[in-house]
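**Q** First, the structure itself, so that you have it in front of you.
The values are calculated or read from the model by the stated rules, or taken from the named source; none is laboratory data. Source: prediction; values computed, not measured. Heads up, the Cβs are rebuilt from the backbone with ideal geometry, glycines too, and the neighbour counts pull from every protein chain shown. For the accessible areas, the whole protein counts, side chains as well, though only heavy atoms, and no ligand, DNA or RNA atoms are used. Shrake-Rupley method; radii C 1.70, N 1.55, O 1.52, S 1.80 Å.
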Amino acid sequence: MSDGRVAYLTRNGDGFSIWTMNADGSNRKQLTTDPPAIEELRSPPDGSFFVFSAKRDGRNHLYRVKADGSGLQQLTFGESRELDSSISPDGKWIVYDSRSYIDGAERSSLWKVSSNGGDPIKLTDEQCVTPHFSPDGASVSCVSAANWKTISIISIETGKTIATFQTEDNPILNVGARWTPDGNSLAYIVSSNMLGNIRLQPINGAAPSPLTDFQSGDIYNFAFSTDGTRLYLARGYQTKKAVLIKNFR
């Protein structure tokens, strides 16, 4: 957030709620209790409001709340479901992927809607998900829903694809490809043998390069600070082995 605080989701009973804290982890504060289960928290650079996905009546749609957790407002409606979104740098627009079942198959498309609500506008029919606005607000990155190994850059003005990039092996693209603060590269997670790191794909087409070089642990999510001086990482270790003991006395 613009004042240096970090906004994040943490488990609250059976769901997740919005919390904030200082950059050093102090002064943790819970902002929301409703909706009870929310996902994919987003904020504009000025930190004036939050956008997230929540499930009500069996479908995920996008909602907005003020920075203090008040003023809940639903932004998307209908038979589709919306999980991932991105807010423009000026805070005026939200681009999101909308997923619907057509003839028994799930199809995705990118839409945009005013951050104040209103009628949505289709951006592109390309099957692309997990959008992220570029720092200049002129385009979004997104991930191909067909193979999950292709990253595209799409123009906000025309909806046309500007560039595509093939990822390195073993990409983890459920959080998309985020822009570096200078707008020159796209950052995404790669994982091999339960070891996660972040790669940078220059948008000029140059070869990818490493941003991190961890020797252990997975990366589940990441984000650059508003001023571009910090990289926040959600990291951990998976527990995959369990032992069942029967007839214990």
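**Q** So which of Thr164, Thr158 is open to solvent by 60 Å² or more (accessible area, probe 1.4 Å), free of Cβ contacts under 8 Å to residues at least 24 places away in the same chain and in a loop (DSSP other than H, G, I, E, B)?
**A** On the way: Thr164 fails: in a loop (DSSP other than H, G, I, E, B).
Just a single option satisfies the conditions, and that option is Thr158.
**Q** Quick one: how many residues across segment 16-32 are hydroxyl-bearing (Ser, Thr, Tyr) and either open to solvent by 40 Å² or more (accessible area, probe 1.4 Å) or over 18 Å from the mean Cα position of the chain (by Cα) (or both)?
**A** So the first thing to find is which residues in segment 16-32 are hydroxyl-bearing (Ser, Thr, Tyr), and the list is 17, 20, 26, 32.
Going one step further and asking which of them are either open to solvent by 40 Å² or more (accessible area, probe 1.4 Å) or over 18 Å from the mean Cα position of the chain (by Cα) (or both), we end up with 26, 32.
Number of matching residues: 2.
**Q** Restricting to segment 150-179, what's the tally of residues that are farther than 21 Å from Arg199 by Cβ and in contact with a Gly (Cβ under 8 Å, 6 or more places away or on another chain)?
**A** 1
**Q** Take the residues in segment 118-158 that are modelled with pLDDT under 95 and among the small types (Gly, Ala, Ser), then tell me which one is nearest to Glu82 (Cα to Cα).
**A** Among them, the one singled out is Ala145.
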